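Worksheet for the structure shown next.
Every read-out reported here was derived from the displayed coordinates using simple, explicitly stated rules and does not represent laboratory data. Every value quoted in this text rests on a predicted model; they were computed, and no experiment measured them. Positions of Cβ are backbone-derived with ideal geometry, glycine not excepted, and every protein chain shown enters the neighbour counts.
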Amino acid sequence: MAQTYAVVRDSSKNFFIAVKNTKGFFFHTDNNGNGVIYQNGTVIKNGPGESALPGGGLAANTDPAIGAANEFQEETGVELRNFDGKLMPKEWHGVTGKYEYYGVYYQFSSAVFNDISSRAIANLRTGADAAAAIRNGKIKTYKDIFKTYPNCPADNELATGSVWNLDRDWSRIQALNNSQSTSWFYEILKNLKNNI
């Protein structure tokens, strides 16, 4: 299955990036509000504790831009389609076959980008609070999460979020190439830097 990743950015070369949890405590199972919780957490298999662009598996016959927007919403709780922006450049396709992936570039004005990033960061904090409530036995079902934490992401894959800049943080971006779990994020960001 191909992977698709969302690069949410502004015209000043700022972009949103996250750090993965080492354990996840809740995950959605469908688009009807159902999911599972893990009171002791379940180990995040790909890149735990490492930097990551929001994204994941791309369903067959799905446009990479639709898939990346869906993944961003699932992992940050922010619906990109509610904001005025553009795909620029639209996407980058890296590798084919077993390791196929896409980087999709969503460009927003600085004000909209700041709003999206702030919401995503706040929602990830909410996700951490929900995970703690599950761990402490205060939340017993997936649907109960959203009664107490309505802005919580659907999945507990990402721990924190921040804003990096393609120029200012280039050495941090290059360091992503040092890990098999993050090297494709480096390639996606390098392509963006070379094409804007």
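Table for the structure above
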quantity	calculated
Fraction of antiparallel bridges per DSSP, the chain only, in percent to nearest 5	75 percent
Label-point separation in nm, S179 to V112, each point 7 Å along Cα→Cβ	3.1 nm
Hydrodynamic radius by Kirkwood, which averages 1/r over all alpha carbon pairs of the chain, in angstrom	16.8 Å
Positive dipole terminus of the chain, leading residue within P64, F83, T42 (C-beta point charges)	T42
Gain in span if fully extended, R125 to R81, counting 0.36 nm per residue against the direct Cα distance	13.6 nm
Listed residue pairs exceeding 30 Å between alpha carbons, taken from K23/K193; K20/K193; K45/K147; K90/K147; K13/K143; K13/K147	K23/K193; K90/K147; K13/K143; K13/K147
Length-normalised contact order of the range 1-89 in % [C-alpha pairs under 8 Å, at least 6 apart]	32 percent
Highest-MSF residue in the chain out of A52, A132, A154 [GNM, Cα springs under 10 Å]	A132
The chain: relative contact order in percent, alpha carbon pairs under 8 Å with at least 6 residues between	31 percent
